[in-house]
Structures are given as structure tokens and as C-alpha cells.
Amino acid sequence: MHEEIELTRDCDAIRIPQGNTITLPKGSRVVITQSLGGSYTVATDTGFLVRITDTNADALGYERPAAPEPVLNATGEVDDKAVWDQLKTCYDPEIPVNIVDLGLVYDCSISRPVENQTHGAKVLVKMTLTAPGCGMGPTLAAEAKGKLEGIPGVDEAEVELVWDPPWNQSMISEAGKMKLGLI
């Protein structure tokens, strides 16, 4: 992509890979290196990478991307496929592959409400990172949680970062390996 842009306003960003939040001032020049899943990875004029979330897309001169429309299954319950599809909209900021195809999601379970209960479903996800020391873990987990809680019928989502088993490249799906040129 590599489009150079001048920020139209002060903009919060998350430094990669440290994970700390910084504010880029209005007028800063950035180069977009990745735009996937509603988030933008940009190289700053000071030489480091940051992630800008969809809530700050306007600072880049873009409209906030519309959220995908997840579907409920025939009985009106949260559909497993909708949950997995939503997780596939979360991307590693440095690798152009979603967290599911990267093999970072180890487990996903949906607790559906008992009949006539007024509460929606709860989604529990266990995921890892490509490297244990990556400071982006809480950011990726929060993004996944927020996107899951945006699914109609989901009242709560919990995303837990786990380190066992350790991630390795064999966990990448075929689609992910194709995207990365590994096959």
C-alpha cells in the first residue's frame, strides 16, 4: 500500500511491538504499510511503526470502516461461523494475515443462554502471539473482544492470552501460508 498521508488531527496510536499508546500530532507525516480489518499500520516520520485503530481513521482522511454484519443461525442463536468470521477480521499489525489463519486462536467456545433467559451468549477465546515478549498482545486481545461483543446476541466476550503450546509456523493455515508465500 505505502501511501503517504499527513494527519488531519492529533491521533492516538499504539507503538509496535511495545504496545504503549502515544499521540501523533496533527500534521505528522505517516506512510500506511498495512490496512486490514479496520486497523492501519503506519510508519511515522520519526521512524517507528504504530497501529491506528478504526476509531481514528478520520485522522488519516478515511471514513471509519463499516462493521461486518454477522449472522445468527436458524434458531436465532449466535452462530459459530459468525464468531470465527469476526475473529478473522483481527490482524497482526506486522503480518498481513488474520489471527485465525496465523494459528493464534487456540480455542473458541460459546456459552449460549438457557431457554427464556434474557442474557445473550458469552464467547470465550484462548489465543497466543507469535512471540511471548510482544507488547501488542493486550491490544490484539482487546480488539478481538470488542469485535466479538459487536456480534448480535453476544453479551460478553473474554479473550485470554496463553503461551502453551508455544506458537510455531506449522500452526498457520494453508490460506495463511499462501498469503505469506510459504507454499
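The values are calculated or read from the model by the stated rules, or taken from the named source; none is laboratory data. Model, not experiment: these values are computed from the prediction. Reconstructed Cβ throughout: ideal geometry from the backbone, glycine too, with neighbour counts over all protein chains shown. Heavy atoms of the whole protein, side chains included, go into the accessibility calculation; ligands, DNA and RNA do not. Shrake-Rupley method; radii C 1.70, N 1.55, O 1.52, S 1.80 Å.
Screening residue 159 against (1) in a helix (DSSP H, G or I); (2) among the β-branched types (Val, Ile, Thr); (3) at pLDDT 95 or above leaves a single unmet condition, (1). What's the number of the condition residue 126 fails, among (1) among the basic types (Lys, Arg); (2) more than 12 Å from the chain's Cα centre (by Cα); (3) assigned to a helix (DSSP H, G or I)? Residue 126 satisfies all of (1) among the basic types (Lys, Arg); (2) more than 12 Å from the chain's Cα centre (by Cα); (3) assigned to a helix (DSSP H, G or I) except (3). Of the numbered criteria (1) at pLDDT 95 or above; (2) not in a strand (DSSP E or B), the one residue 23 fails is (2). Set side by side, the residues 165, 93 differ, and just one is open to solvent by 50 Å² or more (accessible area, probe 1.4 Å) and assigned to a loop (DSSP other than H, G, I, E, B), which is 165. Using the structure shown, decide if residue 173 is surrounded by fewer than 20 Cβ atoms within 10 Å (Cβ to Cβ), among the hydroxyl-bearing types (Ser, Thr, Tyr) and modelled with pLDDT of 95 or more. Yes, satisfied.
Selection within segment 123-157: residues that are free of Cβ contacts under 8 Å to residues at least 60 places away in the same chain and more than 22 Å from residue 51 (Cβ to Cβ). The member of this set that is least open to solvent (accessible area, probe 1.4 Å) is 123. A single member of 82, 59 is modelled with pLDDT under 95 and of a type outside the set (S, T, N, Q), and it is 82.
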